[in-house]
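Some notes on the structure that comes next.
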Amino acid sequence: MPELRFSPAALAEVKRLLAHYPADRKKSALLPVLHLAQNELGPHLSVPLMDYVAGLLEITPIEVYEVASFYTMFNTRPVGRFKLEPCRTGPCALNGAEDLIAYLEKKLGIRDGETTADGLFTLKSTECLGSCGSAPVMQIGEDYHENLTFAEVDRLLENLKQRAGR
Amino acid sequence: MILEHAGNAEARTLAGWRKLGGYASVEKALKGMTPEQVGEEVKKAGLRGRGGAGFPAGLKWSFLDRKSDKPRYLVCNADESEPGTFKDRYLMEHLPHLLVEGMIVSSFALGAKTSYIYIRGEYMYLLRLLEKAIGEAYAAGYLGNDILGSGYSLDLHVHPGGGAYICGEETALLESLEGKRGNPRIKPPFPASQGLYGCPTVVNNVETIATVPHVLRMGGEAYAAIGVGKSTGTKLISASGHIKRPGVYEIELGKVSCEEFLLSDAFCGGPKNGRPIKAVIPGGSSVPVLPLALFLKTAKGEARMMSYESLADGGFVSGTSLGSGGFFAMDESACMVRNLWNLTRFYHHESCGQCSPCREGTGWMEKVLHRLEAGQGRLSDIDLLVDIAKKIEGNTICPLGDAAAWPVASHIRHFRHEFEYHVKYPEKVKDPRHGEREPVAMPK
């Protein structure tokens with residue numbers, strides 16, 4: 001397990017974020033700092049990691065747990081290296097989202113919500129990503145992949161595997 | 001108007017935006033107007049909140065408690081998450097400086113010294129883009145201390161959400177900005193008196209704020225002359241679903257008929273698969289669905305127009321709402337039971353869980369719809385759904401309950417035959433693609 005401490009660069013980022021809010025409102029920085037923690041020390045917000053964030057913001061651990069568990073972007077359970085998040089809502093469902101999810105399930109050999117045995121991919125269908133005009137769409141990390149075809153999905157997964165050195 | 005420079009890459013940098021006439025409203029307001037005068041122009045413009053509720057922005061601003069000695073805040077709601085809506089994303093991606101400019105003049109009008117843009121966490125790339133634009137604005141002296149020597153100072157920050165539809169509700173958004181769960185607050189007190197950190201606060205949608213520079217440029221009265229009646233100005237419509245030309249369109253309110261919007265090549269371009277359009281949800285998934293005939297013409301037989309009033313004509317019995325402008329159309333291959341099940345699953349997933357009618361009701365409706373869709377429902381389930389929806393509506397702290405109830409009521413009101421079909425012919429709906437296979441089998 002990596003040491004649960006932000007790098008100096010990330011600590012500088014925490015300082016920058018804290019300056020956005022009144023000095024007595026450090027808790028306001030919780031969501032941005034959780035995003036930072038998940039990116040830098042995640043992808044899983046473990047209890048020790050959330051406790052570390054609580055210490056940085058001078059709030060109690062429960063204040064971090066209740067927030068991390070409320071928002072769907074935060075992984076309070078272990079996830080694979082790459083989280084694949086195809087949109088499943090209304091307009092996307094009209095334009096192939098169900099087929100896309102089924103294709104991903106078959107290709108990865110897992111069900112929606114599960115992680116591949118090699119720990120590389122987690123498939124988690126998500127609600128509306130605000131990309132309804134370019135359906136079907138999938139978010140991977142911060143990137144939107146729009147107007148997806150199965151061939152494009154194959155290419156994406158291949159690239160991710162290469163990035164992971166597999 | 002709003003999207004005038006949307007395709008132009010120059011508009012994304014401060015220098016380019018200034019060349020296109022950007023930041024003129026900041027010069028105009030901060031050097032030559034009082035905050036009250038700016039507010040007055042917005043009032044005169046008749047600008048209505050573009051997030052979905054359509055509440056007059058000038059009036060909302062006038063409710064701000066100016067007697068309080070606490071700091072005041074302006075918070076931009078960029079938590080765009082209403083299914084079918086992607087206009088704010090488009091606007092921020094193409095015209096980040098228009099939003100920054102709008103934030104500056106609006107903050108000036110409200111007397112805010114610190115303002116925030118609360119953006120949904122999924123739009124993290126846009127957060128970085130906005131922070132870059134804000135950095136440029138600081139460097140050019142449009143933000144920070146003593147802006148353009150006017151004596152007015154403003155700090156502007158972007159704050160990410162964490163993936164929760166409910167944070168689009170303004171009090172949930174404020175809770176989230178304070179680093180808490182997005183549980184809506186009981187109103188009153190309204191944010192205008194006790195908002196962010198208990199201070200007077202105004203929360204406005206991205207498009208609303210992006211319109212303010214245009215109002216100042218042309219003057220409130222000139223802006224009000226655009227559009228029809230109380231639907232002044234232009235509105236961004238994000239179009240998707242079974243149409244040929246999905247995308248974001250800016251329309252002059254009340255001047256484009258629903259028929260033209262759906263069929264014309266200037267807009268949606270008609271159905272994409274050659275199958276006739278069956279139903280339309282014109283304002284985001286929360287507004288009532290309409291069958292094509294009622295979308296094109298009101299119950300009185302008049303041509304329906306793309307405006308707040310015309311879309312609402314007939315109330316929720318035969319009308320709908322412009323909402324957020326999240327327009328999506330369904331052709332005859334769409335199964336309305338499946339569509340409603342999908343949308344209800346969304347509301348169940350997004351319910352914050354505070355109020356029992358919403359927390360329990362949305363889950364209950366999702367389960368009933370799932371069994372109907374799978375061909376395991378009973379005829380009595382249909383009225384059960386109507387009953388649950390009725391008991392959620394109006395009985396929750398925030399409008400998410402209503403937003404979950406309206407699609408249920410309207411899908412059943414206008415497409416009851418499809419629900420009955422699922423009960424009568426369970427073997428025909430076993431295949432999840434029955435919408436595509438059996439479109440004509442659904443009796444009218």
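Things worth noting here:
- Rounded Å value of the spacing that divides the Cα centres of the stretch A:110-160 and the stretch B:417-433: 31 Å
- With both labels modelled 7 Å from their Cα along Cα-to-Cβ, the B:Arg245 to B:Glu93 distance reads 1.9 nm.
- For the stretch B:228-331, size of Cβ-based charge dipole, Lys and Arg +1, Asp and Glu -1, in debye: 200 debye
- Listed by chain and number, the aspartates and glutamates whose alpha-carbon sits under 12 Å from that of B:Lys272, ignoring those within fewer than 8 places in the same chain, are B:Asp331, B:Glu332.
- Under 13 Å, Cα to Cα: Lys pairs in chain A, sequence gap 8 or more or different chains: 4
- When the pairs B:Lys367/B:Lys424; B:Lys297/B:Lys428; B:Lys44/B:Lys235; B:Lys132/B:Lys187; B:Lys367/B:Lys430; B:Lys132/B:Lys230 are compared against a 26 Å limit on Cα-Cα distance, B:Lys297/B:Lys428; B:Lys132/B:Lys187; B:Lys132/B:Lys230 fall above it.
- Charge dipole (debye, nearest 20) of the protein assembly as shown; +1 at Cβ of Lys and Arg, -1 at Cβ of Asp and Glu: 300 debye
- Set of the stretch B:90-118 residues, backbone N closer than 18 Å to the point 7 Å along the Cα-Cβ line of B:Ala139: B:96-98, B:100-101
- Pair B:Ser380, B:Ile186: separation of 7 Å Cα→Cβ label points (nm): 3.6 nm
- Rounded to 0.05, the FRET efficiency of the A:Glu152 and B:Lys67 pair, given R0 = 56 Å and the Cβ-Cβ distance, is 0.45.
- B:His157 long-range amide H proximity, modeled H, under 5 Å: B:Ser115, B:Tyr116, B:Ile117
- Model label zone, A:Leu120; criterion: amide N under 20 Å from point 7 Å along Cα-to-beta-carbon; scope the stretch A:77-99: A:78-86
- Cβ-derived FRET efficiency at R0 41 Å, B:Phe316 paired with A:Glu40, nearest 0.05: 0.25
- Accessible area per residue (1.4 Å probe, heavy atoms of protein chains only) ranks B:Trp17, B:Trp406, B:Trp364 as B:Trp364, B:Trp406, B:Trp17, with the largest value leading.
- Volume of the convex hull of the stretch B:336-441 (Cα atoms only), normalised per residue: 80 Å³.
- The residue among A:Leu156, B:Gly49, A:Gly141 whose Cα reaches farthest toward the positive pole of the charge dipole of the protein assembly as shown, with charges on the beta-carbon of Lys, Arg, Asp and Glu, is B:Gly49.
- What you get for the stretch A:61-166, charging only the Cβ of Lys and Arg (+1) and of Asp and Glu (-1), is a dipole of about 380 debye around the Cα centre.
- Note on the protein assembly as shown: semi-axes of the ellipsoid equivalent to its C-alpha gyration tensor, largest first and rounded to whole Å, are 37, 31, 23.
- Calculated from backbone phi, Karplus (6.51, -1.76, 1.60) coupling profile of the stretch B:115-121 in Hz, x at Gly/Pro: 9, 10, 10, 8, 10, 4, x
- With the convex hull constructed from alpha-carbon coordinates only, the stretch A:27-88 shows a mean projected area of 4.3 nm² over all directions.
- Shown is the FRET efficiency for A:Lys161 and B:Lys255, computed with R0 = 60 Å from the Cβ-Cβ distance and rounded to the nearest 0.05: 0.70.
- Here the extension length gained between B:Glu131 and B:Asp431 equals 103.2 nm, from 0.36 nm per residue of separation less the Cα-Cα distance.
- Averaging the Cα positions of each part gives two centres, and for the stretch B:315-334 and the stretch B:342-364 these lie 21 Å apart.
- Remark on A:Phe82: its backbone amide H falls under 5 Å from those of A:Phe121, A:Thr122, a criterion applied only to residues 5 or more positions apart or on other chains, H modelled at 1.01 Å from N.
- Calculated from backbone phi, Karplus (6.51, -1.76, 1.60) coupling profile of the stretch B:96-110 in Hz, x at Gly/Pro: x, 6, 5, 5, 4, 4, x, 5, 5, 5, 5, 5, 4, 4, 9
- The helix-only estimate of mean residue ellipticity at 222 nm for the protein assembly as shown, built from DSSP H runs of length n ≥ 4 each weighted as -39500 (n - 2.57), is -13000 deg cm²/dmol after division by the residue total.
- In Hz, Karplus ³J(HN,Hα) per residue of the stretch B:123-132 (6.51, -1.76, 1.60; θ = phi - 60°; x = Gly, Pro): 8, 4, 5, 6, 4, 5, 5, 5, 5, 5
- Annotation for A:Ile62 and B:Glu420: the two label points, set 7 Å from Cα along the Cα-Cβ direction, are 5.4 nm apart.
- Those aspartates and glutamates that a straight Cα-Cα span of less than 20 Å connects to B:Lys28, excepting residues fewer than 8 apart in one chain: B:Glu36, B:Glu40, B:Glu41, B:Glu101, B:Glu136, B:Asp146, B:Asp155, B:Glu221
- Cross-link partners of B:Lys70 among aspartates and glutamates, defined as those whose alpha carbon lies under 15 angstrom from its own and excluding same-chain residues fewer than eight positions apart: A:Asp24.
- Amide H contacts for B:Asp331 (H built 1.01 Å from N in the peptide plane; partners 5 or more residues away or on another chain; cut-off under 5 Å): B:His242, B:Lys278.
- Were the residues from B:Ala299 through B:Leu148 laid out at 0.36 nm apart, the gain over their Cα-Cα distance would be 48.9 nm.
- For the protein assembly as shown, accessible area per residue (1.4 Å probe, heavy atoms of protein chains only), Å²: 38 Å²
The values are calculated or read from the model by the stated rules, or taken from the named source; none is laboratory data. Not measured: the values here are computed from a predicted model. Every residue, glycine among them, receives a Cβ derived from its backbone with ideal geometry; neighbour counts consider all protein chains shown. Just so you know, the surface numbers come from the protein's heavy atoms only, side chains and all, with ligands and any DNA or RNA stripped out. Shrake-Rupley method; radii C 1.70, N 1.55, O 1.52, S 1.80 Å.
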